[in-house]
Amino acid sequence: MADNEQNKQVMDEAVNTLNQVAANPATPKTIKKNITDLLKELDSSEYSLSVRAANAISALDDITQDPNMPSYVRVTLWQAVSKLEGIRE
């Protein structure tokens, strides 16, 4: 049970990181839209926590390939990926 609580805490940390990127005025609009869509998927309870984390990692990998992305935004997204990779069930 502690693992599930720990996973939820890690997910919350990753969501907070993504919210900060989406709220940053320097983040390009296309990136903000992609992150907002991703946050909606993470909030959904349709899939288990680990599946949502894996889907988010895949989506973030695609998002970070955008050549218009500022490097500091890319690094912040990688931090979110790093947190999500710790979620296991």
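Observations, loosely collected:
- The selection criterion, being touching a helix residue (DSSP H, G or I) at 6+ places or on another chain (Cβ under 8 Å), more than 12 Å from residue 11 (Cβ to Cβ) and among the hydroxyl-bearing types (Ser, Thr, Tyr), holds for residue 64.
- Within segment 47-89, the set of residues being part of a loop (DSSP other than H, G, I, E, B), in contact (Cβ under 8 Å) with a residue 40 or more places away in the chain and surrounded by 12 or more Cβ atoms within 10 Å (Cβ to Cβ) comprises 48, 69, 70, 86, 87.
- Every residue from segment 37-80 that is within 18 Å of residue 6 (Cβ to Cβ) and among the β-branched types (Val, Ile, Thr): 51, 57
Residues are listed down the side, and each one gets a yes or a no for (1) within 10 Å of the chain's Cα centre (by Cα); (2) among the basic types (Lys, Arg); (3) assigned to a helix (DSSP H, G or I); (4) modelled with pLDDT of 90 or more:
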position: 19; (1), (2), (3), (4): yes, no, yes, yes
position: 22; (1), (2), (3), (4): no, no, yes, yes
position: 33; (1), (2), (3), (4): no, yes, yes, yes
position: 38; (1), (2), (3), (4): yes, no, yes, yes
position: 45; (1), (2), (3), (4): no, no, no, no
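The values are calculated or read from the model by the stated rules, or taken from the named source; none is laboratory data. Since the model is a prediction, treat every value here as computed from it, not as a measurement. All Cβ positions, even for glycine, are placed from backbone atoms using ideal geometry, and neighbour counts span all protein chains on display.
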